[in-house]
Amino acid sequence: MATRRELPADVAAALDRVPEAGSSFAALPADRQTAWIDWIDRARGRRARAGRIDEMVRRLLPSAAVAEEEVAEPVGPPPERYWWLWLLLLLLLVAGGLLAWYFLSRGDDKAVVPNVIGLREQQAQIRIQDRGLEALSRSAQSDRPTGVVFAEKPGAGTQLGKGQTVTIFVSSGRLAVPDVTALPLADAQQKLQARGFKAEVKRVASTKPKGIVLEQDPAAGVTAVRGTTVTLSVSSGAKPVVVPRVVGQTQGAAVQALTALGLKPALQNVPSDQPAGTVVGQKPPAGKEVDKGAEVTVNVSTGTGQSTTTTTTTTTTTATTTGTTTTAAPVRVPRVVGLAQTPALRQLNVLGLRPTVVYVRSNQPANRVVSQSPKSGTSLRPGARVRVNVSTGPNPQPNAAVPNVVGQDQATGAQTLRDAGFKVAVLNRPTADQSKDGLVVEQQPRATSNIPAGSQVTIFIGRFSG
């Protein structure tokens, strides 16, 4: 026989308030009383519990028993309504149906795009067609070798319908620009076209014979995509004009000297402690060969501000003489961080600064400048050194020693470096020493440096400026 449980306080209080219900509850078997108490205890919250107690009292009243049909068993608590279980079951059935529809509808009319990056064009097309897809090839520039796929759209792993098109991008490759300086124009054009480049001619005055290539841009050794235009500076055979020295002269005398040679003076007032109207700077410098009619910038002192020249005084026993010598104006260091190595070095070289290249480990792409010292905006005298840290890339090749090519001619120096497994970039640098014209006057990184094989070495070729 089941043991009668002690009534909770709120249940006992409710039955005491309604004695008829209390008598009916006391007359119930022990298992029925336990069922009522368990039913009340399962209520969530006070309000729900109070509602169940009221429902129990109502059902236990004699009047409720008369109103309802006679039952064979003593009255018990109403059944629980587990409607949320039925709702959950319904949701599970719907989700299962959707999943079944998805997997059944995938059929054989679907295909997954394969990964073809790094494959040759023909191999990539075959692999795509084996999946029941169509391949469309497009040529574009890339650092990958010619004919190798470097991108695909849509990407690998994408699901497409059978017969849909996958576009593959095939590398047109990058080539080293050949050296065509000192060649006749026709030979230079033929050599460039044979390597896949285009030529653009710019005629300039020069003491060199007519039709001889004086300079080229991009420089020899620089890698570029097929079809890149190389600008050739070709001698027109006309005698160039040598820029005279006008620093220290008066403005009028400088203008007269320049116009007499067919040059165009461009006057610019600058602060200086030199007397007003005195020329304190010029560009291009004296001795530079230019075309007739070229513009020469003349800096004229306003008589105020910081001096752009230095004055030296020498005293002897017979006389005192005062002479003025010009010093090169400082230049601001440009920002080269984020540039590729060749454009960065070209910017510094054009300003007369001397870059020092150091390769450093970095996750950034190989050959990209990751830092510099001094920082951009710093004022330096021409000839000052600027350290340029260049990324080796995340997976550099083993190190190799850089051979010494300083003093060699351009072609020999470039070939020596290529034979040692390095890429070569060429930049020109003015020199007043005619014996260094056409020779390597500096290389970066310097000789004996240990850098990853296949890295770039820049050589600076002396160009005699008179």
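The values are calculated or read from the model by the stated rules, or taken from the named source; none is laboratory data. If you're wondering where the values come from, they're calculated on a predicted model, not measured in any experiment. Heads up, the Cβs are rebuilt from the backbone with ideal geometry, glycines too, and the neighbour counts pull from every protein chain shown. Accessible surface is based on the protein model in full, side chains and every heavy atom, while ligands, DNA and RNA are left aside. Shrake-Rupley method; radii C 1.70, N 1.55, O 1.52, S 1.80 Å.
Quick look at the numbers
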item: Simple label model, 7 Å out from Cα along Cβ direction - ALA140 to ALA253, nm; result: 6.3
item: Gain upon complete extension [ALA276, GLU20; 0.36 nm per residue less C-alpha separation]; result: 79.8 nm
item: Value at 222 nm in deg cm²/dmol, rounded to 500, when DSSP H runs of n ≥ 4 in the chain each add -39,500 (n - 2.57); result: -8000 deg cm²/dmol
item: Fully extended contour minus Cα-Cα distance, from GLU6 to VAL112, at 0.36 nm per residue; result: 31.2 nm
item: Pairs from LYS202/LYS436; LYS198/LYS375; LYS191/LYS239; LYS292/LYS375 whose Cα-Cα separation, in the structure shown, is over 31 Å; result: LYS198/LYS375; LYS292/LYS375
item: Average accessible area per residue (Å²) across the chain - probe 1.4 Å, nucleic acids and ligands excluded; result: 58
item: Convex hull volume per residue in cubic angstrom - Cα atoms of segment 363-459; result: 101
item: Under 26 Å from LYS162, Cα to Cα: lysines that are on another chain or at least 8 residues apart; result: LYS110, LYS153
item: Under 19 Å from LYS423, Cα to Cα: aspartates and glutamates that are on another chain or at least 8 residues apart; result: ASP143, ASP179, ASP217, ASP409, GLU442
item: Isotropic mean projected area of the C-alpha convex hull, segment 238-300 (nm²); result: 3.6
item: Simple label model, 7 Å out from Cα along Cβ direction - GLN364 to ALA420, nm; result: 2.5
item: Sequence of GLU121, GLU152 from largest to smallest accessible area, 1.4 Å probe; result: GLU121, GLU152
item: Carbon plus sulfur fraction of accessible area for the chain, probe 1.4 Å, in percent; result: 53
item: Candidate aspartates and glutamates - alpha carbon under 19 Å from LYS288, same-chain residues fewer than 8 apart omitted; result: GLU215, ASP433, ASP437
item: R0 of 45 Å, Cβ-Cβ distance ARG195-THR302: FRET efficiency to nearest 0.05; result: 0.25
item: Cα-based equivalent ellipsoid of the chain: semi-axis lengths in Å, sorted from largest, via gyration tensor; result: 93, 37, 21
item: Segment 144-291 - percent relative contact order, Cα under 8 Å, separation 6 or more; result: 20
item: Relative contact order of the chain, pairs being alpha-carbon contacts under 8 Å that are 6 or more residues apart, as %; result: 7
